[in-house]
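The values are calculated or read from the model by the stated rules, or taken from the named source; none is laboratory data. Bear in mind that the values here come from a model prediction, so they are computed numbers and not experimental data. In this analysis, Cβ positions are derived from the backbone assuming ideal geometry, glycine residues included, and neighbour counts consider all displayed protein chains. Heavy atoms of the whole protein, side chains included, go into the accessibility calculation; ligands, DNA and RNA do not. Shrake-Rupley method; radii C 1.70, N 1.55, O 1.52, S 1.80 Å.
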Amino acid sequence: MSDDVCALVGGVGGAGTTRLALEFGATLAADGRSVLVVDASYATQGLVTACRERVDPDLTRVVTDDRPLAAATYDREVPVGRLVLAPARAPFERLSRAKTSECARRLAGRIGEAAREFDHVLVDVPPVAANQAVAAVTAADRVAVVVPDTQRGVDALPRTLDRLADVDAGADAVVTNRTDGAPQVEDADVAVPASETTALASAPVCPGEGEFETAVAAAVATVVGADVEPERPASSLTDYLPG
């Protein structure tokens with residue numbers, strides 16, 4: 001298996017890293033790969049919205065109780081490949097304990113173990129201001145900063161790059177999200193427009209041939225370093241009946 005761990009780091013809150021991590025995962029799975037998406041954004045807990053089953057236990061339970069990561073992983077059905085989610089869904093008390101340095105070290109260890117099982121591990125990381133975010137970016141082989149293509153994103157990008165440098169985790173790529181027209185963030189490596197599907201519960205929409213889906217595939221190639229070409233699902237016996 002690959003040791004390719006990619007952290008998608010939000011330069012600001014609401015940058016859209018959860019959605020992009022999910023769409024990146026679906027795009028890679030459509031190429032016949034196994035992908036795990038890990039939710040290190042404990043406060044927002046957005047990834048749980050994309051789960052189709054009751055989440056118990058969750059990722060914070062894994063790190064606070066020192067459990068195997070497999071206890072908190074949930075398969076998301078996809079036509080080809082494998083897409084697995086490790087969401088966070090916790091009350092405030094456990095969320096706080098999950099942010100301790102000891103739990104952050106456990107998170108880094110679980111990410112490393114997952115890299116030996118999955119072709120790709122994608123980590124949804126909040127702005128780097130807590131132990132679990134530091135653990136995620138330092139455990140990753142690749143780090144991409146995600147910022148909205150707005151003045152807020154322009155202002156946040158240098159601060160985020162400085163924070164990553166502070167923890168000895170440089171940025172390999174910058175992704176501008178929800179671009180519209182002329183780019184405001186000039187130093188981005190790749191841009192992703194807004195999707196017509198905005199509800200996270202309705203994602204992923206990738207792969208596909210629309211503007212958003214095509215841009216996500218290009219972003220995967222840039223950020224993850226993987227050229228993807230979706231496979232067609234195996235035909236069923238009813239697809240063709242000899243005459």
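Observations on the model:
- Cα-only Debye scattering, the chain: base-10 log of I(q)/I(0) at q = 0.08, 0.09, 0.10 Å⁻¹: -0.28, -0.35, -0.43
- Shape category assigned to region 85-216 from the gyration tensor of Cα positions, a/c cut at 1.5: prolate
- Measuring nothing but how far apart in sequence close Cα pairs (under 8 Å, 6+ apart) lie, relative to its length, region 1-98 scores a relative contact order of 31 percent.
- Only Cα pairs under 8 Å and 6+ residues apart enter the sum, and on that basis the relative contact order of the chain stands at 28 percent.
- Spacing of the two label points (7 Å from each Cα toward its C-beta) at ASP162 and ASP187, in nm: 1.1
- For the chain, carbon and sulfur atoms together expose 47% of the accessible surface, with a 1.4 angstrom probe and every protein chain in place.
- Remark: the chain carries 47 Å² of accessible area per residue (probe radius 1.4 Å; ligands, DNA and RNA excluded).
- Bridge type composition, the chain - antiparallel percent by DSSP, nearest 5: 10
- Convex hull per residue volume in Å³, alpha carbons only, for region 23-100: 84
- Theoretical ellipticity at 222 nm over the chain - DSSP helices of four or more residues, -39500 (n - 2.57) apiece, nearest 500: -10000 deg cm²/dmol
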